[in-house]
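Here the structure is laid out as structure tokens; the discussion comes afterwards.
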């Protein structure tokens, strides 16, 4: 194909075409991150002749202390001219051209705005404008709509369409099938580090086709259709004590900034003593906000719900009360948000602080409110926050060893195997087994169904903040059934 850009992968390749948005989609443990990193490494160090390739990640790639225009034309500033001579930076021309590029991408941010003060949509728009200013022929983006609200997500789709219109090849990596279909002219599905499916826009748009919802289900089936899940396992018989140790009913949690949106909607479940309950879901399914909100209302705005521990209703509205009720939470990465306050100052705040700040009228609701880097939530020595690294893994595994003899009765684990190696993950599973054998309950979230099947007695599936079904881990799993449960309503 003329002008095609071949991006080698560990297995196979991606072929990006000029004037096209190609989206590679896969679930969290599909190897998509490795594919994305392989492409980025190739962009950074691979052969490209005179062409310019650009990579835009989820971490901020702007230079703090410089304004928007300076970031757009960094190293390519417009110069004053006098005949054939050029000298000094023409700041007026630099700002005017930056404003023109940003306007074409749908951003109204001022070229004079400090880079560290702009929101997430404008940040990506500035990086796209920089790529266009350098006449890039390829732009790769990692989850460009992941941290955007619905309105900004639509604006981002329009921005990518503008980049495509200028003849640039655009490659996007995403874990969200719906977003992939909204952005892409072509969608490829990645599983276990290889491309296992490919679809063009004509398959889900136009007369005589099944539409977006049918294609999304097809993509989901390709994402999760692992042969390991089709083979019935023979787990050892597990003794589960009679009686519910934890019961949750009518649990509803709102978005801390957008009152019209719910992170968790009318969720109810129970866990018996000596039982391990897994919660499966793709990103944004609501599984993590569910656990964090149960524990001290550490994420979102509590709206309704009831919790019982040992048959007695308890108050878990603060971390101290949750601990007193017998709950304990381990979160690998409690959310921290970057918000813009009234007056234009942007800074990170914890998830538990957002509702209070919003009620005080300090948060600019028209700007981005997106999860950023760092640890948040109400830690207070109670929410154990784990990031990747040996010390944190040792801390987690040590906590699991101590938990059976502690006074706590229910352990909530939010994606506990994130960042663990194979040996550490095996020790994690043994620790969960010991807690269950001690007659206590474990509830843990993961997007790795193989892990959930190996450890859990039952699995709840969540999508769009709702429980969509329950899986019995003693029976084989049909990928079509799983795709239906994972698909948001």
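Coordinate-derived values only; no laboratory data. Computed from a predicted model, the values in this text were never measured in an experiment. Every residue, glycine among them, receives a Cβ derived from its backbone with ideal geometry; neighbour counts consider all protein chains shown.
Could you check the spin-label model distance between residue 395 and residue 306? Points 7 Å from the Cα along Cα→Cβ, value in nm. Label at residue 395, label at residue 306, 3.7 nm between them. By the beta-carbon count within 10 Å of each Cβ, the least crowded to most crowded order of 475, 145, fewest first, is 475, 145. For region 400-431, backbone nitrogen atoms closer than 13 Å to the point 7 Å from residue 192 Cα along Cα-to-C-beta are found at no residue. Modelled this way, with points 7 Å down the Cα-to-C-beta line, the labels at residue 464 and residue 266 are 1.3 nm from one another. Estimated at 0.36 nm per residue, the fully extended path between residue 283 and residue 324 surpasses their Cα-Cα distance by 11.7 nm.
Neighbour counts of other Cβ atoms within 10 Å put 63, 170 in the fewest-to-most order 63, 170. A straight chain from residue 11 to residue 96 at 0.36 nm per residue would run longer than the Cα-Cα distance by 26.1 nm. Each peptide among 451-461, 409-419, 149-159 gets the average number of other Cβ atoms lying within 10 Å of its residues, and from highest to lowest they stand as 409-419, 451-461, 149-159. Considering the zone a paramagnetic label at residue 108 would reach in this model (a point 7 Å from Cα along the Cα-to-Cβ line), which residues of region 133-155 have amide N under 18 Å from it? 149-155, by backbone N distance to the label point.
Here the calculated FRET efficiency for residue 66 and residue 433, from their Cβ-Cβ distance with R0 = 60 Å, stands at 0.70, rounded to the nearest 0.05.
If you plug the beta carbon distance of residue 158 and residue 472 into 1/(1 + (r/R0)^6) with R0 = 51 Å, you get a FRET efficiency near 0.70.
As an exercise, use a Förster radius of 41 Å and the Cβ-Cβ distance of residue 74 and residue 214 to find the FRET efficiency, rounded to the nearest 0.05. So the FRET efficiency works out to roughly 0.40. Per-residue Cβ neighbour counts within 10 Å put 474, 441, 110 in the sequence 474, 110, 441, beginning with the fewest. One decimal place: the segment residue 450-residue 249 gains 69.6 nm when fully extended, by the rule 0.36 nm per residue minus the C-alpha distance.
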